[in-house]
Amino acid sequence: MNNEITYYFPCQRWLAVEEDDGQLSRELLPVDESYVLPPSEDEEGGGDDNNPLDHLALEQKDKSTTFSVTIKTGDKKNAGTDANVFITLFGTQDDTGMTLLKSSKTNSDKFERDSIEIFTVETLDLGDLWKVRIGHDNTGKAPGWFVDWVEVDAPSLGRCMTFPCGRWLAKNEDDGAIVRDLFHADLQTRLYTPFVPYEITLYTSDVFAAGTDANIFIIIYGCDAVCTQQKYLCTNKREQKLFFERKSASRFIMELEDVGEIIEKIRIGHDNTGMNPGWHCSHVDIRRLLPDKDGTETLTFPCDRWLATSEDDKKTIRELVPYDIFTEKYMKDGSLRQVYKEVEEPLDIVLYSVQIFTGNVPGAGTDAKVYITVYGDLGDTGERYLGKSENRTNKFERGTADTFIIEAADLGVIYKIKLRHDNTKWCADWYVEKVEIWNDTNEDEFLFLCGRWLSLKKEDGRLERLFYEKEYTGDRSSNCSSPADFWEITLSSKMADIDIATVTGPMADYVQEGPVIPYCVSVTTGKHKDAATDSRAFIFLIGEDDERSNRIWLDYPRGKKGFSCGSVEEFYVAGLDVGVIKKIELGHDGASPESCWLVEELCLAVPTQGTKYTLRCNCWLAKDRGDGVTSRVFDLLDAMVVNIGVKVLYEMTVWTGDVVGGGTDSNIFMTLYGINGSTEEVQLDKKKARFEREQNDTFIMEILDIAPFTKMRIRIDGLGSRPEWFLERILLKNMNTGDLTMFYYGDWLSQRKGKKTLVCEMCAVIDGEEMMEWTSYTVSVKTSDILGAGTDANVFIIIFGENGDSGTLALKQSANWNKFERNSTDTFNFSDMLSLGHLCKLRVWHDNKGIFPGWHLSYVDVKDNSRDETFRFQCDCWLSKNEGDRQTVRDFACANNEIHDELEETTYEIVIETGNGGETRENVWLILEGRKNRSKEFLVENSSRQRAFRKGTTDTFEFDSVYLGDIASLCVGHLAREDRFIPKRELVWHVKTITITEMEYGNVYFFNCDCLIPLKRKRKYFKVFEVTKTTESFASKVQSLVLVKYEVIVTTGYEPGAGTDANVFVTIFGANGDTGKRELKQKMRNLFERGSTDRFFLETLELAVTRLRLAARRGW
């Protein structure tokens, strides 16, 4: 007591359930007497401004931590509780002590079954939170309680942690405990940018009726459009009545996102509710701590305007920019330095004229309330209601333009707008033609071409749309909403120049260091009653030398969660390229006893390696099932491996033309052709806003390794509210090599405009050179001279040649008025077609319509007019449902091509590329393994006169052998010359690639070896390489085009309801093409019944079958 010291513990807070944050206890920090300074005489403001302790609230908030505690009560019978619930948070430095949870922000009747309660717990620094103790006092009529989980969010720490429970807190349930210690699940912890405290003081003016009962909100903006979320300042109705009175200062301490060192503007507004919602704001002060926390800075934002629908310009939202900054900083000597300065070059307050054009189509106008948000590189306007048109009383009518004035801080270059309406009134549907925005200060003009419906009944049923400025070419990732969108951005070329460490927001969970490639993951959940889980699953990929990918989350699009019993879920993800995958780890983030998961099968496809792994797992991933683990490592040596064909990543950019109505809602399909084959027809994903007028859309495609490309076929189905599309051009960029291929069109795909076609073919242009020639074809069709040979059906053909196929050609306009009559010849001309080169096959079919659809076809002649060469396809058979074998689709080989007898001997050319990892002076031997035979040993002898296998060189050899058929593998050995001394150190030869060409037909087999082969004296040491890529020559393909008959046997399962009455179709694929879509049908038979076996015969040219596709229009 000799040295008397007085400690001050300021509080200035409620301890009441119905007030403030509902806490009944608080922890207080002492402050020094010198910290509490008397107010200066000239300090302005009303209300509580004269209380010096008010100025300590910001510092106290910074030294404390506010936790938002969310508790989920389980969805079980009698899961809710009437007892008093308490919680204790444990950190590495301290704990909160027992805290009663009295005031829930969500429900007045707390802890009911399947409910979520949110509480606020404020305390001093606890250190790192590691444990939560939850319990109750076992009072009330039904004290038993089942807790699913507890979530603790600390905005000031930037960490949200989940503590799984999944157990009873009840005397008569489980183990009888009513208090449990919960530990956080690391995998469910969410990290984000920590919040910082702001002291926000709003001054209401001294004018008549200046006060308001409305709920006031604020948004704070920093540089580069960084901003806080919209935050309402009052937490309840009572605060709304107490604050914002005439000639008063309303002070709030809030934790919001850190917007950086500079605050460029704020947006204030209200919800226009209450008896007197109008408000006149004098100014706003925002005080925050300096970065080193050795002082504060206060920014003043003048306003002196009404925020009211009945005053001033009738707006309830204002944007304010700072006028001056008042800084208080404690120096090293303990003195307080105060600096006042004006803000240099603040943003201008600008009036923007927004002119919205409603389309001139039936039903285009709307009576709904329309809202707009304008985005620029300096920020956005926030959502603004377009209430009063400057030039029209009845706004948004068909074929009219309405002008609105928006006051906002300078947005810089405007690049995006968001339009929506609330779908109210009778005529809510709205068709927006375009939007023009003028900056009235510098007269900048921005044009947004829309041409879309905002309607639940039209197009894709959306009431909200994003539109980009006509000249904008930047990033459009704000359209991303699903994990697949983010993975696509991760794979794109735009990530090459981005520092991974600087990526924030949703993308931060997807980016990773190193080369990234796509993976396709499929997970089958078991059918056990407890097999399902709502946990979040993940995988790790483990390659050679234990190289591991980052954790790859298997996330659904928004709105879907978990794995249901018996489900098969597929995910498109991207991850580190770990080379040859050796192991895969599968797990989930569930930590409660109820988050069990039974995994039946796991499939992993690696498109860039052409490999698919299938693992039969049949194991539990659960805390209380099996061996109690929630993640498991699977060795891919136990997997079934299937070759699915190597695919190459391409970045595809599609340009839609700048013409009215150029965008489309139709489905778009693409087929690519190259020197080494063609792809199947694939659909281009439209996503949200792709293929719109004067827009270029870039996305990632996985394409078979068929480059260099020769042509591309684009087809639309002509469906949707906008069935036409103006295609300008398409660019393909190889992501590995950077090679570019351009395809030009510049016309409509439409049944009414341009060429009046829904299909187009574009020639590939590489380095300014077209890869194919243009030609025209004349098709002559001879109908046979037998009874009933003519047809009334519609006939179609597809022509196949060495450069691909023609696509479907309808035989419509003939010189004969009545086409395809008995013993007649009909001629059809097809101009402006890409040359197919030498023809090899023709597919003919009809739609079986008309009075007499049956048709007996004699032959078809196809003349290539640019080459003056005619190709004959001899038919002499029925295409009829009632005659012959009842097939209406037939394939015919070209009679011009000579079919040779099978080879017995041939010559092989072998090209060996030696890498930089090691050359050799010794001998090399090879043995070729074919589908039909195995070659003898081919020995390449090295000598001082004729050196081979030098570093970085390519050597070519030829040798004669029996015909081996398709080469499948290659044995390579490194053999010492006779009487040659071999040193103790290992000598290796680096073989990089080996290319083998069969000289008679010209088939090429490529082996990507990239291997070091050690020198040995014996031939029993060698390396075996599988063929990496095969290029079949046209001459070889012709040899296999012989007519064969396939029997298709279909067995329907025994499951209840397994049968079908739907039409069933089959497509058989092979190395030589496919059959096209064939219907499986038989007369007078009930097909595809439960447990039955049905047989069908299809006649076509030899395919070398690799797979088939079955399709039914209903369940089967």
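The values are calculated or read from the model by the stated rules, or taken from the named source; none is laboratory data. If you're wondering where the values come from, they're calculated on a predicted model, not measured in any experiment. Note that we place each Cβ from the backbone using ideal geometry, even for glycine, and neighbour counts take in every protein chain shown. Accessible surface areas use protein heavy atoms only, side chains included; no ligands, DNA or RNA. Shrake-Rupley method; radii C 1.70, N 1.55, O 1.52, S 1.80 Å.
Worth pointing out:
- Karplus-derived HN-Hα couplings along segment 904-912 (A = 6.51, B = -1.76, C = 1.60, θ = phi - 60°), whole Hz, x at Gly and Pro: 9, 10, 7, 10, 10, 9, 10, 10, 10
- By the rule of a C-alpha distance below 13 Å, with chain neighbours fewer than 8 residues away ignored, the aspartates and glutamates paired with Lys1083 are Glu883, Asp885, Asp1094.
- 5 angstrom amide H check on Arg305, placed H, neighbours 5+ away: Cys281
- Taking Lys and Arg as +1 and Asp and Glu as -1, the other residues whose beta-carbon sits under 14 Å from that of Val991 total -1.
- For segment 941-949, 3J(HN,Hα) per residue [Karplus equation, 6.51 cos²θ - 1.76 cosθ + 1.60, θ = phi - 60°, Hz, x = Gly/Pro]: 8, 9, 8, 5, 6, 10, 7, 10, 6
- Whichever lysines have a C-alpha closer than 22 Å to that of Lys241, once near sequence neighbours (fewer than 8 apart) are set aside: Lys105, Lys231, Lys315
- Of all lysines in the structure, those lying under 26 Å Cα to Cα from Lys329, and not within fewer than 8 positions of it along the same chain, are Lys61, Lys63, Lys265, Lys293, Lys341.
- Heavy-atom accessible area per residue - the chain, 1.4 Å, Å²: 49
- By DSSP, the beta bridges lying fully in the chain are antiparallel in about 100 percent of cases.
- With 22 Å as the limit on Cα-Cα distance, the pairs of Lys314/Lys369; Lys395/Lys686; Lys733/Lys1037 that go past it are Lys395/Lys686; Lys733/Lys1037.
- Contour excess over end-to-end distance, with Cα ends at Glu459 and Asp747 and 0.36 nm allotted per residue: 101.4 nm
- Amide H contacts of Thr953 (H built 1.01 Å from N, in plane; Pro and chain starts excluded): Thr914 sit under 5 Å, all sequence-distant by 5 or more or on other chains.
- Hz values of 3J(HN,Hα) by residue in segment 209-223 - Karplus curve (6.51, -1.76, 1.60), Gly and Pro given as x: 6, 6, x, 9, 9, 6, 8, 8, 10, 9, 9, 10, 10, x, 6
- If you wrap the chain in the convex hull of its Cα atoms and look at it from every side, the mean projected area works out to 62.9 nm².
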